[in-house]
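Take a look at the structure below.
The values are calculated or read from the model by the stated rules, or taken from the named source; none is laboratory data. Just so it is clear, the structure is predicted and the values come from calculations on it, not from any experiment. Heads up, the Cβs are rebuilt from the backbone with ideal geometry, glycines too, and the neighbour counts pull from every protein chain shown.
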Amino acid sequence: MVLSKWKTAAALATMLVFSGAAVAWADIYWECEQVVRGEGRRDKKKTIRNYYTPDRTRVDIGENVMIADFKTMTGYVLNTRDKMFLEMKMDAVGKIPEGLKEEIEARPTEETKEIAGYTCRKYRVTLMGREYEQWISKEVEGYRELKAINDRLTQVIRDNPLFQMGIVGRMHKLDGFPVRTVMELEGGLTKTITLTKVVRKPIRQKVFRVPKGYKPPY
């Protein structure tokens, strides 16, 4: 794998995985279905899996896996296809590009509807000059835990707006758990991410370790 590609993955991972902190509540696991759809194209589907504990988080997005360990402030990016991993210190993210310093904007609307069994309110969200819609609900199990994590990270989020890319980094502005996200992509494509499962249960610590046999890219 090309090193520059891993550097890009590292930047994305820093944005996405820095979204947890110590909180004395239950571990949380949830799944979302992502569908990319376009006229004349076959739908592309994947399952996104999220693991949250008071000290660690893991997000599985297809062949890419992102792990954050808040006891050691260390992040990992895994590529399951190439069996490679990249390690980084989460408190040393480097210089933030100017275009990413803008605060996320989230505007609630009056529109509501039921999605995946939850009563949701529609939000218009703007980040890095792009607008998309999110359907938010406070009825989702585990919402209180994630809200508490977000509140504990207020200063971190303020110091580094990149962290707003993660789910917890947005919750103080969304006031609920995202149940559905709809984004318009280039080429007439639409990406829809919908919550399909969420449970509060103990998560085994090995989930947050780099598997044996994985090697760094250099």
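Taking the criterion of being at pLDDT below 95, touching a Cys at 6+ places or on another chain (Cβ under 8 Å) and closer than 27 Å to R200 by Cα, would at least one residue in the stretch 50-61 satisfy it? Scanning the stretch 50-61 turns up at least one residue that is at pLDDT below 95, touching a Cys at 6+ places or on another chain (Cβ under 8 Å) and closer than 27 Å to R200 by Cα.
Does K45 qualify as being assigned to a strand (DSSP E or B) and loosely packed, with under 15 Cβ neighbours inside 10 Å? Against the criterion (assigned to a strand (DSSP E or B) and loosely packed, with under 15 Cβ neighbours inside 10 Å), K45 qualifies.
For the stretch 62-78, residues that are crowded, with 17+ Cβ neighbours inside 10 Å and at pLDDT 85 or above total 6. Working only within the stretch 88-114, note down all residues that are modelled with pLDDT under 90 and surrounded by 12 or more Cβ atoms within 10 Å (Cβ to Cβ). Answer for the stretch 88-114, where residues must be modelled with pLDDT under 90 and surrounded by 12 or more Cβ atoms within 10 Å (Cβ to Cβ): M88, M90, V93, I96, L100, E102, E103, I104, E105, A106.
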